[in-house]
Amino acid sequence: MSDPVTLDPARHQEAALINAALDGDGRAFRALVEPHLPMLYRIAARVSGQKELAEDAVQETMLLAFKNLPGWRPEAPFKAFLASIAARQAHTLVRSERRRHKRETLHPAAPQAVATPEEQLQGTNAAERVRRIIAAMPRKRREVLLLRLDAGLDYKEIATVMNTTTSSARVLVHLGLKDLRARLAKEEGS
């Protein structure tokens, strides 16, 4: 008589890789997700309809999958866990792109003069300062700023990702932006 609880070898290997990844083994996480990358890209491309958005969605999926790995339920196939994240990320990026396009259509930017090399260097330096400051922030504040500024998520979406309320997401984003402005002002004053 066979034991009904016994996992098939593939599921057993998957479970071992998940446990290793949960212990911080990046190679195990890579081995776990790599076979699913083509499927994730197909999902993201189908949802977004754009190669660049699909690539971004897959990248975000990898980050979210690693972050949310402790929430994976063993009774659910890992492939489904990844696929659901990829679909949500692709939808999120499409919505963000639509909002951006709508803003640009409603309020087209005035034609801008070509930046001088000095202006380009200043812009590059400013962007690098912002990246460095955000990277030095506490994890939660850094994450909400990246979700708001880079992913273009609204407060409800941020609340879902951060597992908090919409009002808490608003407060976290507000505090993050306030902190960013203060640190930028401090650097400019030094």
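Determine if segment 54-74 includes at least one residue that is surrounded by 13 or more Cβ atoms within 10 Å (Cβ to Cβ) and outside any helix (DSSP H, G or I).
Yes; the residues of segment 54-74 include at least one that is surrounded by 13 or more Cβ atoms within 10 Å (Cβ to Cβ) and outside any helix (DSSP H, G or I).
Taking the options Ser96, Ser168, name whichever one is surrounded by 12 or more Cβ atoms within 10 Å (Cβ to Cβ), in the same structural domain as Leu37 (by TED's automatic domain parsing), at pLDDT 85 or above and small (Gly, Ala, Ser). If you could, list the steps in order and put the result at the bottom.
On the way: Ser168 fails: in the same structural domain as Leu37 (by TED's automatic domain parsing).
Selected residue: Ser96, the only one of Ser96, Ser168 that is surrounded by 12 or more Cβ atoms within 10 Å (Cβ to Cβ), in the same structural domain as Leu37 (by TED's automatic domain parsing), at pLDDT 85 or above and small (Gly, Ala, Ser).
Looking at segment 38-64 only, could you name the residues that are among the hydrophobic types (A, V, I, L, M, F, W, C) and within 16 Å of the chain's Cα centre (by Cα)?
Those that are among the hydrophobic types (A, V, I, L, M, F, W, C) and within 16 Å of the chain's Cα centre (by Cα): Leu40, Ala44, Leu53, Ala54, Ala57, Val58, Met62, Leu63, Leu64.
The values are calculated or read from the model by the stated rules, or taken from the named source; none is laboratory data. Quick caveat: nothing in here was measured; it's all calculated off a predicted structure. FYI the Cβ positions are ideal-geometry reconstructions off the backbone, even for glycines, and counts take in every protein chain you see.
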